[in-house]
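**Q** Quick one: the structure is below, questions incoming.
The values are calculated or read from the model by the stated rules, or taken from the named source; none is laboratory data. Every value quoted in this text rests on a predicted model; they were computed, and no experiment measured them. FYI the Cβ positions are ideal-geometry reconstructions off the backbone, even for glycines, and counts take in every protein chain you see.
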Amino acid sequence: MLVQLDHVRKTYGSFTLELNMQIPENQIIGLIGANGAGKSTTFKLMLGLIRPDQGSVEIFGRNAADLGAEEKQEIGVVFSDSGFSEYLKVQQLIPVMSRFYPDFQEKEFRERCERFQIPLNKQIKEFSTGMKAKLNVLLALSHDSRLLLLDEPTAGLDVVAREEILDLLREYMEIPGRSIVISSHISGDLEHFCDDLYMIHEGKIVLHEETDRILEEYGFLKVSDQEYEALDKEYLLRVRKEPFGYSCLTDQKNYYLENHPGIVVEKGSVDEVISMLVKGERL
C-alpha cells in the first residue's frame, strides 16, 4: 500500500476532518469535494506537512512525518501555489530542481516543455493560468516519482487544457507501480479518469466507490407517491421529495429494473450522485 490513513482526525477551530483511506499501487484515486471540504488538508497530512490529532498516516510503509530525503524524491506534488517565485524563468528552475531532486530528468522536462509550448525564457508571472497549471504538472513529473499528489491541478482551465493535463497523467501511469491521488471540485474531470473516488463533505467521507460501479450500478428511481409506497426500499441510499413524487438514489439499479419493471430508472452522473448524497434524506 503506497498510502494509508487510518482513523485520522484533524481539527481546525470548528472544522474537523475524519479519514480512512488507502491508496494501492497502479491506481488513480480521485478526491471530490467543494472548496473547504478538506481536500487540501488531506494532501498536507499525506505529505507530513501537518500531523493528525488522532490516527496514523503512512506513505511507503512509514509515518508520513518521518519520511527521509530519498522517499520524498518519490513523491510528485502539485498545489495551487508552486512555491517558486513568479519572477523566475522556467530555465532558472532547472538547476533548482536538479539540486533538490538527484533523479531530475532534465532532457524529458525540456522536451515536455516544448511539447506543451511552455517557454523556457519567459517569467512565470507572464504565463496564462493554463500554462502555469501545465508547468506545475511537468515539474511534478520531472523526477521519476512513484506517487503523484495533485491538488486541483485542472482548476480554472478550459476543456482543452484540462484534457491535455489528464492525457499527460495517463502517460505517467503507463509504468507499473505508480499511483495518483488527484482532487477536484469538478467531478466530470475525474469520472472517466479515476479508478476509485472518495467524496468528502464537511470533513467526512460520504462516498468511497469504484468509479465504474458508480457509473454502471448507481441510478435514480423516479416514482409517484403511490409507487413509492409500494417500493422495496432495502437498497435506497437517499430519497428526495419531488413535484411528481420521489427521486430515489440506489446503488442496486439492476435490482429495481428486474423487480420493479414498471418504474422509471435513470442513470446518474457522478455529480448527480454526489448531490443526492449530500442533499437527499436518509431512510
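Matching residues to (1) under 18 Å from Glu152 (Cα atoms); (2) touching a Leu at 6+ places or on another chain (Cβ under 9 Å); (3) among the small types (Gly, Ala, Ser); (4) in the same structural domain as His192 (by TED's automatic domain parsing):
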| site | (1), (2), (3), (4) |
| --- | --- |
| Phe15 | no, no, no, yes |
| Leu19 | no, yes, no, yes |
| Glu25 | no, yes, no, yes |
| Gly30 | yes, yes, yes, yes |
| Gly36 | yes, no, yes, yes |
| Ser40 | yes, no, yes, yes |
| Phe43 | yes, yes, no, yes |
| Gly48 | no, yes, yes, yes |
| Glu58 | no, yes, no, yes |
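**Q** Okay, moving on. Please verify whether the range 60-83 includes one or more residues that are under 21 Å from Leu168 (Cβ atoms), modelled with pLDDT under 90, assigned by TED's automatic domain parsing to the domain that holds Phe15 and surrounded by fewer than 12 Cβ atoms within 10 Å (Cβ to Cβ).
**A** yes
**Q** I'm checking my understanding of the structure. Among residues of the range 172-194 that are without any contact (Cβ under 8 Å) to a residue 60 or more places away in the chain and under 14 Å from Lys39 (Cβ atoms), which one is surrounded by the most Cβ atoms within 10 Å (Cβ to Cβ)? Before the answer, list the steps.
**A** Of the residues in the range 172-194, the ones without any contact (Cβ under 8 Å) to a residue 60 or more places away in the chain are 172, 174-175, 186, 189, 192.
Adding the requirement that they be under 14 Å from Lys39 (Cβ atoms) leaves 186, 189.
Numbers: Ile186: 14, Asp189: 25.
Taking the candidates together, the pick is Asp189.
**Q** Give the residue that is farthest from the chain's Cα centre (by Cα), with candidates limited to residues of the range 3-42 that are at pLDDT below 95 and more than 16 Å from His201 (Cβ to Cβ).
**A** My answer is Gly13.
**Q** If the Cβ limit is 7 Å and pairs must be 6+ apart or interchain, which residue in the range 195-211 that is on the phi > 0 side of the Ramachandran plot pairs with which residue that is assigned to a strand (DSSP E or B) and surrounded by 15 or more Cβ atoms within 10 Å (Cβ to Cβ)?
**A** Gly203/Leu17; Gly203/Glu18
**Q** Name every residue in the range 247-283 that is under 19 Å from His185 (Cα atoms) and exposed (fewer than 15 other Cβ atoms within 10 Å of the Cβ), in order of residue number.
**A** Matches in the range 247-283: Ser269, Asp271, Lys279.
**Q** To continue, here is another question. Just checking, does the range 119-136 include any residue being modelled with pLDDT of 90 or more, out of contact with any helix residue (DSSP H, G or I) (no Cβ under 9 Å at 6 or more places or on another chain) and under 23 Å from Phe193 (Cβ atoms)?
**A** Within the range 119-136, one or more residues are modelled with pLDDT of 90 or more, out of contact with any helix residue (DSSP H, G or I) (no Cβ under 9 Å at 6 or more places or on another chain) and under 23 Å from Phe193 (Cβ atoms).
**Q** From Asp53, Asp103, which residue is assigned by TED's automatic domain parsing to the domain that holds Asp196, farther than 30 Å from Glu202 by Cα and in contact (Cβ under 8 Å) with a residue 40 or more places away in the chain?
**A** Working: Asp53 fails: farther than 30 Å from Glu202 by Cα.
Going through Asp53, Asp103 in turn, just one is assigned by TED's automatic domain parsing to the domain that holds Asp196, farther than 30 Å from Glu202 by Cα and in contact (Cβ under 8 Å) with a residue 40 or more places away in the chain: Asp103.
Residue by residue, here is whether (1) over 20 Å from Met199 (Cα atoms); (2) touching a residue at least 24 places away in the same chain (Cβ under 8 Å) holds:
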| site | (1), (2) |
| --- | --- |
| Ser14 | yes, no |
| Leu19 | no, yes |
| Ala37 | no, yes |
| Gly61 | yes, yes |
| Ala69 | yes, no |
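**Q** Can you tell me which residue in the range 43-98 is nearest to the chain's Cα centre (by Cα), limited to those that are part of a strand (DSSP E or B) and basic (Lys, Arg)? Before you say what the answer is, go through the steps one by one.
**A** Filtering the range 43-98 down to residues part of a strand (DSSP E or B) leaves 54-59, 62-63, 75-78, 89.
Subset that is basic (Lys, Arg): 62, 89.
Values: Arg62: 22, Lys89: 29 Å.
Only one residue tops the list, namely Arg62.
**Q** Oh, and also: Tell me which residues, restricted to the range 173-193, are in contact with a strand residue (DSSP E or B) (Cβ under 8 Å, 6 or more places away or on another chain) and of a type in the set (A, V, I, L, M).
**A** Of everything in the range 173-193, those that are in contact with a strand residue (DSSP E or B) (Cβ under 8 Å, 6 or more places away or on another chain) and of a type in the set (A, V, I, L, M) turn out to be Met173, Ile180, Val181, Ile182, Leu190.
**Q** Let me ask something else about it. Yes or no: the range 210-223 includes at least one residue that is hydrophobic (A, V, I, L, M, F, W, C) and modelled with pLDDT under 95.
**A** Scanning the range 210-223 turns up at least one residue that is hydrophobic (A, V, I, L, M, F, W, C) and modelled with pLDDT under 95.
**Q** Does the range 207-235 hold any residues that are within 14 Å of Ile263 (Cα to Cα) and among the aliphatic types (A, V, I, L, M), and which are they? First the steps, then the outcome.
**A** So the first thing to find is which residues in the range 207-235 are within 14 Å of Ile263 (Cα to Cα), and the list is 219-233.
Hits for the range 207-235 are Leu221, Val223, Ala230, Leu231.
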